[in-house]
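Everything on this sheet refers to the single structure shown next.
The values are calculated or read from the model by the stated rules, or taken from the named source; none is laboratory data. Because the structure is a prediction, the values reported are computed rather than measured. Every residue, glycine as well, gets a Cβ built from its backbone with ideal geometry; the counts of neighbours run over all protein chains shown. Accessible surface areas use protein heavy atoms only, side chains included; no ligands, DNA or RNA. Shrake-Rupley method; radii C 1.70, N 1.55, O 1.52, S 1.80 Å.
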Amino acid sequence: AYVYLPPAWFKSPEPQLPLIELIAGVPGDPSDWTRAGYADTTSTAFAAKHHGEAPILVIPDNNGNKTSDTECSNSVFGNAETYLVTDVPTFMQVNFNAAVGKHALAVAGLSAGGTCASMLALRNPKTLSIFASYSGYSSPTYINDNEQQTIVQLYHGSRSDYEAHNPASLLEGTKYPELSGWFTSGSGDAQALASAQQLSDLAKKAGMAQVCLTTPPGGHDFIFWAAAFQSSLPWLSWKLGLTPAPKDLPVHCTPPIP
């Protein structure tokens with residue numbers, strides 16, 4: 001994993017800062033988030049406007065060395081979900097004094113990582129109450145497999161287990177008043193755009209605390225994802241209780257940002 005620490009972290013005594021867990025896409029690598037997504041420089045620029053304060057970032061490897069795609073699920077390839085929801089936050093709290101509490105942790109991801117972010121939050125709302133999906137999809141897909149192949153490969157052939165990890169299914173028939181979600185996709189990215197619109201509509205019906213949707217021009221690439229993280233960081237930091245409510249964000253939120 002990679003860890004980004006904002007300038008305020010280096011104060012003495014070091015403050016307890018909230019944490020954002022960033023998840024890469026497939027194919028992809030944790031270093032994508034800094035190499036091409038500029039999450040570190042974006043956070044430093046944000047901190048410069050907030051007295052050195054910004055959330056800590058942790059960018060873990062959600063796939064390990066057994067496969068290039070776990071879809072962040074516990075499976076034959078290892079316990080990816082447990083690692084991301086329990087092990088990584090605990091490590092960050094112990095080793096980097098990351099804040100602990102109901103709204104101290106957010107998860108965000110790009111492409112398949114965006115699917116992961118939605119799924120992990122919906123399955124673990126008491127731990128991950130804030131999430132952002134950048135060009136994520138409505139349902140998990142193992143590499144380039146179809147739905148049935150994904151069910152066999154990741155979910156032991158169980159459709160019920162697949163649906164229990166499917167963001168679209170998780171949002172239907174269940175209320176999530178404790179969750180806040182940010183959905184974004186480039187207007188030129190047809191599949192992800194349809195997913196963002198579908199999931200944001202379902203999220204509103206599921207009674208989420210706040211649902212934000214933005215569909216600016218762009219495609220399925222790091223130019224878009226770097227801009228998406230930059231746009232959402234003020235919202236994430238506000239939801240994490242670190243900085244004030246942002247003004248004039250190019251996003252439609254329900255209910256609106258005060």
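Data for the structure
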| item | result |
| --- | --- |
| Residue count for the stretch 62-101, restricted to those that are assigned to a loop (DSSP other than H, G, I, E, B), open to solvent by less than 40 Å² (accessible area, probe 1.4 Å) and among the β-branched types (Val, Ile, Thr) | 2 |
| Evaluation of SER200 against (1) of a type outside the set (A, V, I, L, M, F, W, C); (2) out of contact with any strand residue (DSSP E or B) (no Cβ under 6 Å at 6 or more places or on another chain); (3) closer than 17 Å to TYR134 by Cα (one fails), failing number | (2) |
| Subset of the stretch 44-53 [open to solvent by less than 60 Å² (accessible area, probe 1.4 Å) and either of a type in the set (Lys, Arg) or farther than 20 Å from ASN95 by Cα (or both)] | ALA45, PHE46, ALA47, HIS50, GLY52 |
| Members of the stretch 186-228 that are outside any helix (DSSP H, G or I) and among the aliphatic types (A, V, I, L, M) | ALA206, MET208, ALA209, VAL211, LEU213 |
| Count of residues meeting criterion [open to solvent by 20 Å² or more (accessible area, probe 1.4 Å), in contact with a helix residue (DSSP H, G or I) (Cβ under 8 Å, 6 or more places away or on another chain) and either more than 17 Å from ASP32 (Cβ to Cβ) or modelled with pLDDT under 95 (or both)] in the stretch 221-237 | 1 |
| First in the stretch 31-58 and over 13 Å from ALA226 (Cβ atoms) and free of Cβ contacts under 8 Å to residues at least 40 places away in the same chain, second anywhere and surrounded by 15 or more Cβ atoms within 10 Å (Cβ to Cβ) and among the aromatic types (Phe, Trp, Tyr), Cβ under 8 Å, 6 or more apart | SER31/TYR2 |
| Helices (runs of 4 or more DSSP H) within the stretch 122-171 that include 2 or more residues surrounded by 14 or more Cβ atoms within 10 Å (Cβ to Cβ) and in contact with a Leu (Cβ under 6 Å, 6 or more places away or on another chain) | 167-171 |
| Total residues in the stretch 87-100, condition within 24 Å of PRO167 (Cα to Cα) and without any contact (Cβ under 8 Å) to a residue 24 or more places away in the chain | 1 |
| Matching entry among GLY207, GLY186, GLY218, GLY181 (being touching a residue at least 24 places away in the same chain (Cβ under 8 Å), crowded, with 23+ Cβ neighbours inside 10 Å, of a type outside the set (Ser, Thr, Tyr) and farther than 16 Å from LEU120 by Cα) | GLY186 |
| Every residue from the stretch 7-38 that is touching an Asp or Glu at 6+ places or on another chain (Cβ under 6 Å) and either of a type in the set (Lys, Arg) or surrounded by 18 or more Cβ atoms within 10 Å (Cβ to Cβ) (or both) | ALA24, VAL26, PRO30, THR34 |
| Single condition THR174 does not satisfy, out of (1) crowded, with 24+ Cβ neighbours inside 10 Å; (2) over 25 Å from ASP221 (Cα atoms) | (1) |
| Out of LEU240, LEU236, sole residue that is more than 23 Å from VAL26 (Cβ to Cβ) and in contact with a strand residue (DSSP E or B) (Cβ under 7 Å, 6 or more places away or on another chain) | LEU240 |
| Total residues in the stretch 189-202, condition free of Cβ contacts under 8 Å to residues at least 40 places away in the same chain and open to solvent by less than 10 Å² (accessible area, probe 1.4 Å) | 1 |
